[in-house]
Amino acid sequence: MKILITGAGGQLGTALRNELQKHHLLPLGHEKLDVTNFEAVRSAVDSLGPDLIINCAAYNNVDGAESDQESAFRLNSLAPRNLAVASFANDIPLLHVSTDYVFDGLSDRPYHEFDRPNPISVYAKSKLAGEIAVASLNPRHYLVRTSWLYHFAPASARNFPKTMLGLAGKDQVNVVSDQFGSPTFVPHLAQAIGDLIETNAFGLYHLAGSGFTSWYELTRTLFRLFDIKTFVNPVSTAEFPRPAARPGFSALTTLQDPGIVLPHWETGLSEFAAGLK
Ligand SMILES: NC(=O)c1ccc[n+]([C@@H]2O[C@H](COP(=O)([O-])OP(=O)(O)OC[C@H]3O[C@@H](n4cnc5c(N)ncnc54)[C@H](OP(=O)(O)O)[C@@H]3O)[C@@H](O)[C@H]2O)c1
């Protein structure tokens, strides 16, 4: 299959370029294709003639989106709309990636695909608008919600575990203990996407690390893996105010058929540690 990957230089783009090597890949980083530019998107899709597009480009600055709504909506809503229009015109499917943050976090059990989103931040609203654009403009879509992504590649990747490792020289770090989610090792997500695109079973999928934990427990597990002695101090969301509201509980699970289940988040964290060491 000839697969056009947009935003190919990010965490997921990097993992997909590694995972999908049996396919003919057309990886385009930001510098080669600006997905917010409709004419550029249409011309790339028309001229390259892919069989599938996977969109990995996104605006992921959850706090920044509160003061820069335009950037968030251009990249997370308008760009998937551009890709949906261009893929539909070329009669090819589009795989687009969204987030657990479309939920409000008030559930007492992990969210499945048939739960109703209720975004509570600008970032989350922009991602939900992107989902709606894709679902309404190209019926041949895979919409993949995932969460709490981390990878050791590319070297420039910014994510929570890498941030925490950067603080390891300190005596103590304060980490929020009342937000729960499903940490996802990006190569596991890339494998799951590799399986999904073989199915032609279009629709909405939750693909995230199995199980769930808090940022606090995630940090403790990470520090144990690296034998880091820094004390991890649990704090509440109220004690650690941020510009954007975040769901208190956004763990994902799947009810979809085919049921594609990722390894447990602790397995992912161990593989991440092995990859960094
Ligand atoms: N990271 C998370 O924790 C998380 C959680 C849930 C869902 N997701 C979703 O998962 C997907 C993959 O995320 P990720 O962590 O791999 O993201 P990432 O590492 O931040 O990569 C995003 C990529 O998009 C590129 N990009 C930015 N603006 C662009 C534009 N106008 N045109 C083309 N490319 C552009 C960036 O390139 P430059 O850096 O060169 O601008 C970057 O390489 C996204 O849809 C994201 O919303 C992520």
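Residues of the range 124-149 being within 12 Å of the ligand (Cβ to nearest atom) and touching a Gly at 6+ places or on another chain (Cβ under 8 Å), which ones? Hits for the range 124-149 are L143, S147, W148.
Note on the range 29-59: residues that are of a type in the set (K, R) and at positive phi amount to 0. Looking only at the range 77-114, which residues are surrounded by 21 or more Cβ atoms within 10 Å (Cβ to Cβ), in contact with a strand residue (DSSP E or B) (Cβ under 8 Å, 6 or more places away or on another chain) and among the hydroxyl-bearing types (S, T, Y)? Scanning the range 77-114 gives S87, S98, T99, Y111. Contact annotation: residue pairs with Cβ atoms under 6 Å, 6 or more positions apart or on different chains, pairing a residue in the range 207-235 that is closer than 21 Å to G248 by Cα with a partner that is of a type in the set (D, E, K, R) and at pLDDT 95 or above, are V232/R220.
Inside the range 87-114, residues that are of a type outside the set (G, A, S), within 27 Å of N200 (Cβ to Cβ) and more than 16 Å from the ligand (Cβ to nearest atom) make up a count of 7. The lone criterion from (1) under 16 Å from V134 (Cα atoms); (2) more than 13 Å from the ligand (Cβ to nearest atom); (3) of a type outside the set (A, V, I, L, M, F, W, C); (4) surrounded by fewer than 24 Cβ atoms within 10 Å (Cβ to Cβ) left unmet by R74 is number (2). Only one of the numbered conditions (1) in contact (Cβ under 8 Å) with a residue 24 or more places away in the chain; (2) under 30 Å from D257 (Cα atoms); (3) crowded, with 17+ Cβ neighbours inside 10 Å; (4) away from the ligand (no atom under 11 Å from the Cβ) is not met by P117, and that is (1).
Of all residues in the range 55-71, those that are in contact (Cβ under 8 Å) with a residue 40 or more places away in the chain have Cβ atoms under 6 Å from Cβ atoms of residues that are surrounded by fewer than 15 Cβ atoms within 10 Å (Cβ to Cβ) and part of a loop (DSSP other than H, G, I, E, B), 6 or more apart or on another chain, in D63/R242; D63/P243; E66/P243. Total residues in the range 228-259 satisfying the condition of being more than 22 Å from the chain's Cα centre (by Cα) and not β-branched (V, I, T): the figure is 9. Using the structure shown, decide if R42 is surrounded by fewer than 18 Cβ atoms within 10 Å (Cβ to Cβ) and within 21 Å of L207 (Cβ to Cβ). In short, no. Apart from one condition, S147 fits all of (1) over 13 Å from the mean Cα position of the chain (by Cα); (2) closer than 18 Å to R246 by Cα; the exception is (1). Within the range 9-37, the residues that satisfy the criterion of being within 7 Å of the ligand (Cβ to nearest atom) and touching a residue at least 24 places away in the same chain (Cβ under 8 Å) are G9, G10, Q11, L12, G13, H30, L33, V35, T36.
The values are calculated or read from the model by the stated rules, or taken from the named source; none is laboratory data. None of these values were measured; they are calculated from a predicted model. Cβ coordinates were reconstructed from backbone atoms using ideal geometry, including for glycine residues, and neighbour counts include every protein chain displayed.
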